[in-house]
Amino acid sequence: MSPWIESEVIVMGAGIVGASAALALARRGHSVTLLERGFCGAQSSGVNYGGVRRQGRSLAQLPLSQRAHQIWGELPALIGIDGEYLRSGHLKLARSEADFVALQGYEAASRDHGLDLQLLDRAALRARYPWVGEIAVGASYCADDGHANPRLVSPAFARAARQQGARVIEQAGDSRVEHDGQRFILHTQSGLRLRAPWLLNCAGAWAADLAAQFGEPVPMESGHPAMLVTEPLPWVMNASTGVEGGGIYARQVARGNCVLGGGRGFALDAQRARPGQSAVLAILRNAVELYPFLAGTQAIRTWSGTEGYLPDHEPVIGASTTQPGLLHGFGFAGAGFQIGPAVGEALAELVCDGASRQPIEAFSIRRFQVRHDLASNH
Amino acid sequence: MSAVVIVGAGPAGIRAAQTLVEHGVHPVLIDEASQGGGQIYRRQPANFTRPARQLYGFEARKASALHQTLDALAGQIDYRPGTLVWNAEHGALDTLRDGHAAHLPYQRLIIATGATDRVLPVPGWTLPGVYTLGAAQIALKHQGCAIGERVLFCGSGPLLYLVAYQYAKAGAKVLGVLDSAPFSAQCRALPELLEQPATLGKGLYYRAWLSAHGVPVHQGATLERIEGGQQVQRAVWRKGDQLHDTECDALAFAHALRSETQLADLLGCAFEWSTLNRAWLPRRDQAGRSSEHDVYLAGDGAGIMGADAAEMAGERAALALLQDLGQTVDPQRCRTLEKRLTRIGRFREGLEAAFPFPEHWAEQAPDDLVVCRCEEISVGELRAVVGEGHWEINRAKAHCRVGMGRCQGRMCGAAAAEIIAHCSGKALHEVGRLRAQAPIKPLPFGVEHDA
Ligand SMILES: Cc1cc2nc3c(=O)[nH]c(=O)nc-3n(C[C@H](O)[C@H](O)[C@H](O)COP(=O)(O)OP(=O)(O)OC[C@H]3O[C@@H](n4cnc5c(N)ncnc54)[C@H](O)[C@@H]3O)c2cc1C
Ligand SMILES: Cc1cc2nc3c(=O)[nH]c(=O)nc-3n(C[C@H](O)[C@H](O)[C@H](O)COP(=O)(O)OP(=O)(O)OC[C@H]3O[C@@H](n4cnc5c(N)ncnc54)[C@H](O)[C@@H]3O)c2cc1C
């Protein structure tokens, strides 16, 4: 039998959330083991679109998102690379007057959070962003939102955690998890044995299993956003984009390639997904009305990922209501890349300080247990 | 009911189509090329009139027979030339023809997508005037033009001598053939090669012909680098301890072939490691059945066996498909085909021994050598990423973009795997294979399609 691997905290899942939690804990001097089924940052966190935006998030997420914004600004100091992070500005486009009204509503509602949104009517949009298609009637602009390269950023969080002293174990999935009254005991499939008083459930789209095991089932479903990238093109996009009400979002990287997303793909199995022909063709057909400069250019690659969605499209963040020592951080509904580093820090604070600096009550797993509690109190 | 579909109108695909038609099944036959024939029997454009003998040499009879077969199938099959299959999922293919996308459900599918050159880069390989052996041959066969006036042929594999011979016959000045395989390897391989005396005979003939016509043939000679400003000017090569250089205006090189396996991958076929091919290949039984009940594999797309084997494998896969549809097929014919394929398989092992993979290539590749030309990734950049612990090829790709560009790794994938394996100390098969992602080839925005 292998010797026990003892630590104060075991983090399950080395996506951007788990890896940044491990990094924050290690920086505060805690012994952490980061356990990853596959490779660090190779799931959602490594294959996402790369949008690093606050604009458009629910108001409840904005305090954490603002904190994440700060962390993103200090990326090289934290993880050793800039991850191609660029505050390009983020343009949320409206295709109808009703959509533009919705953008105005969001601007008003979020004003206290410091996003500094600028509303652009048709004329202002045309003047400032002539490459946007005629179909857009207006936009909301967030100058300090931007984008980054998820392939580089997310694994770098795990690398930084390792450099700060975290033990990082890849190729270690499907562990048997128990609690002996004091500590969590994990047996990995690869034969390792681990013990720790804290367990962080950062297993992304796969996190519901562990929650259910500890009596907290959540109605999480997997979704698979479709992604596509073009050949390198002359530089045009001086902002990354999104579309009110959903649509094809796009950004251009320094190398010239445009990355686009929109629509949903399908799961190949529990871990792998593809964008699917209908989503790909829909992007190829519809992108041109929003981004006319794409006409005649070519898409060279498509992909998707596996992301967890709860019915209210809000994540679960915070302590378990059934098992002391268990913390959750999962289910980011296609928007956890930007906020992930702040969630990791918040989870670390729950371990170290018993509370996080930003409010997270809205994301408690409790919200899925109301009916269950009523039933059992009866 | 949806159709039986064959992708690839080369020797394998055409024979498969013929066999199906003979049994009353009328397939759809799709090929990206505008004319049938596949790689080896590629046809010339309609306005060219070179005789078959001149185009295909010894293989002229086989080429004409195959072309005639395809022509005779007109009206009995739904032949769709100029049609790219860019994706496959859930029992349907996605095609692109003249800017129009379509969705084609299949009942059964035969994948006969053939092969392309396996390229092991050397410094200077991205200079204008440098081609793969296959591309050099296509230029000659298809367009009737040579890649240059003074051409050097390098690398290894049977195609090396063949293409050099074809160039010399066509009147180009062939400066020499540099075969990285040592003569001793070819002697050792003789017993297996004798399995196919006719093919061996042709190979020996090309070499003898080249020598007799004053074309220097160097064995155990490796290309070190290619030099030039705007264009290839010189090749520097090594034989033993001696460095040589040869002035040339064009150069063709490759080390054998690699299978086009993306479709099988997209369709979820199980893959297995082939030591012989140094590649992960879709698994198939002797008859060509894949791990998926409705997908069959034939020809070089499922492992390099050459054109004759491709014809037989196409026929055999079609017979298997017919059997699985409940038709009676001649069991004797199935056995004969399998036996012949086994024999060619042994010959193929001999070829691999005769033209062994240059084992030291990865070790010797300099850091500043470009390995991935689409994304301009150097060997050094790839090694750096491997040094950080990324030994799985898709992870290496995620970290340094090797294989992420336009060609989706079909040009650089094999070389990248060699570098990663050598640098990480892992066995080549442990490094894995680049996962196929649609589109198999680039797809335009604004494409029209029937929703
Ligand atoms: C295609 C796509 C596009 C997206 N675009 C954006 C965007 O533009 N902006 C944005 O902010 N967000 C985006 N997102 C969402 C974002 O990527 C995710 O919300 C975020 O990465 C979630 O991070 P995570 O760490 O929770 O999950 P993951 O990155 O999925 O990490 C979870 C990890 O847990 C591991 N794991 C699972 N089970 C176990 C186990 N039992 N034991 C050990 N390890 C386990 C997994 O292997 C995985 O590595 C997108 C997502 C996708 C899929
Ligand atoms: C450039 C080249 C030259 C060669 N020359 C010789 C030679 O002279 N002598 C010799 O013995 N061998 C030669 N070979 C080896 C050759 O692969 C085989 O001998 C033979 O052609 C294999 O037949 P096949 O039917 O398996 O595949 P191929 O003949 O390669 O036919 C495959 C066909 O599939 C089509 N295809 C592939 N993917 C798609 C897609 N996604 N959508 C639509 N169509 C697709 C291709 O256009 C091609 O026509 C050559 C190979 C190459 C690459």
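The values are calculated or read from the model by the stated rules, or taken from the named source; none is laboratory data. Keep in mind that this is a model prediction, so the values were computed, not measured. Virtual Cβ from ideal backbone geometry, glycine too; neighbours counted across all protein chains shown. Surface accessibility is based on the protein's heavy atoms, side chains included, excluding ligands, DNA and RNA. Shrake-Rupley method; radii C 1.70, N 1.55, O 1.52, S 1.80 Å.
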Kindly indicate whether B:Ala112 is within 12 Å of ligand 2 (Cβ to nearest atom) and out of contact with any Leu (no Cβ under 9 Å at 6 or more places or on another chain).
no
Is it true that some residue in segment A:220-231 is within 14 Å of chain B (Cβ to nearest Cβ) and over 22 Å from the mean Cα position of the chain (by Cα)?
yes
Over segment B:57-81, the set of residues closer than 30 Å to B:Gly446 by Cα and in contact (Cβ under 8 Å) with a residue 60 or more places away in the chain is B:Asp78, B:Tyr79, B:Pro81
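Just the residues that are among the charged types (D, E, K, R) and at positive phi, please, taken from segment B:278-329. Show your work before the answer.
If we filter segment B:278-329 for residues that are among the charged types (D, E, K, R), which is where we start, we get B:278, B:283-285, B:289, B:292, B:294, B:300, B:308, B:311, B:315-316, B:324.
B:Arg278, the sole residue that qualifies.
Here is a yes/no grid of residues against (1) open to solvent by less than 60 Å² (accessible area, probe 1.4 Å); (2) aliphatic (A, V, I, L, M); (3) within 14 Å of another protein chain (Cβ to nearest Cβ):
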| site | (1), (2), (3) |
| --- | --- |
| B:Cys372 | yes, no, yes |
| B:Cys423 | yes, no, no |
| B:Gln437 | yes, no, yes |
| B:Asp450 | no, no, yes |
For segment A:275-316, enumerate the residues that are at the interface with another protein chain (Cβ under 8 Å from one of its Cβ atoms) and either among the acidic types (Asp, Glu) or under 30 Å from A:Ala21 (Cβ atoms) (or both).
A:Pro275, A:Trp303
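Suppose we filter A:Gly305, A:Gly334 for residues that are touching a helix residue (DSSP H, G or I) at 6+ places or on another chain (Cβ under 7 Å), under 18 Å from A:Ala42 (Cβ atoms) and away from ligand 2 (no atom under 16 Å from the Cβ); which single one remains?
A:Gly305
Within segment A:201-229, which residues are on the phi < 0 side of the Ramachandran plot and assigned to a loop (DSSP other than H, G, I, E, B)? Outline the logic, then answer.
Residues of segment A:201-229 on the phi < 0 side of the Ramachandran plot: A:201-203, A:205-214, A:216-229.
A:Cys202, A:Ala203, A:Ala207, A:Phe214, A:Glu216, A:Pro217, A:Val218, A:Pro219, A:Met220, A:His224, listed by residue number.
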Requiring at least 2 residues that are farther than 20 Å from A:Leu152 by Cα and at pLDDT 95 or above, the helices (runs of 4 or more DSSP H) wholly within segment B:354-445 are B:361-364, B:413-424
Among the helices (runs of 4 or more DSSP H) confined wholly to segment B:1-77, which include 3 or more residues that are within 16 Å of ligand 1 (Cβ to nearest atom) and either within 14 Å of chain A (Cβ to nearest Cβ) or more than 29 Å from B:Leu162 (Cα to Cα) (or both)?
none
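Conditions tested, residue by residue: (1) touching a helix residue (DSSP H, G or I) at 6+ places or on another chain (Cβ under 9 Å); (2) among the small types (Gly, Ala, Ser); (3) open to solvent by less than 10 Å² (accessible area, probe 1.4 Å); (4) closer than 30 Å to B:Ala146 by Cα.
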{"residue": "B:Ala16", "(1), (2), (3), (4)": "yes, yes, yes, no"}
{"residue": "B:Asp78", "(1), (2), (3), (4)": "no, no, no, no"}
{"residue": "B:Pro81", "(1), (2), (3), (4)": "no, no, no, yes"}
{"residue": "B:Glu89", "(1), (2), (3), (4)": "yes, no, no, no"}
{"residue": "B:Arg108", "(1), (2), (3), (4)": "yes, no, no, no"}
Could you tell me whether any residue of segment A:48-60 is within 14 Å of chain B (Cβ to nearest Cβ) and open to solvent by 10 Å² or more (accessible area, probe 1.4 Å)?
yes
From the list A:Ala254, A:Ala333, A:Ala319, A:Ala342, pick out the single residue that is among the aliphatic types (A, V, I, L, M), open to solvent by 30 Å² or more (accessible area, probe 1.4 Å) and more than 14 Å from chain B (Cβ to nearest Cβ).
A:Ala319
Consider segment A:237-251. How many of its residues are surrounded by fewer than 16 Cβ atoms within 10 Å (Cβ to Cβ) and touching a residue at least 24 places away in the same chain (Cβ under 8 Å)?
2
Restricting the first residue to segment B:82-110 and requiring it to be under 23 Å from A:Trp303 (Cβ atoms) and of a type outside the set (Asp, Glu), which pairs with a second residue that is within 16 Å of ligand 1 (Cβ to nearest atom) and modelled with pLDDT of 95 or more meet a Cβ separation below 7 Å and a spacing of at least six or different chains?
B:Trp86/B:Ala438; B:Asn87/B:Ala438
Pick from segment A:221-236 the residues that are surrounded by 22 or more Cβ atoms within 10 Å (Cβ to Cβ) and more than 25 Å from B:Arg373 (Cα to Cα): which of them is nearest to ligand 2 (Cβ to nearest atom)?
A:Ala226
Just the residues that are open to solvent by 60 Å² or more (accessible area, probe 1.4 Å) and within 14 Å of chain B (Cβ to nearest Cβ), please, taken from segment A:136-193.
A:Arg159, A:Arg162, A:Gln163, A:Glu170, A:Gln171
For segment A:292-315, give me each residue that is outside any strand (DSSP E or B) and crowded, with 23+ Cβ neighbours inside 10 Å.
A:Leu294, A:Ser304, A:Gly305, A:Pro315
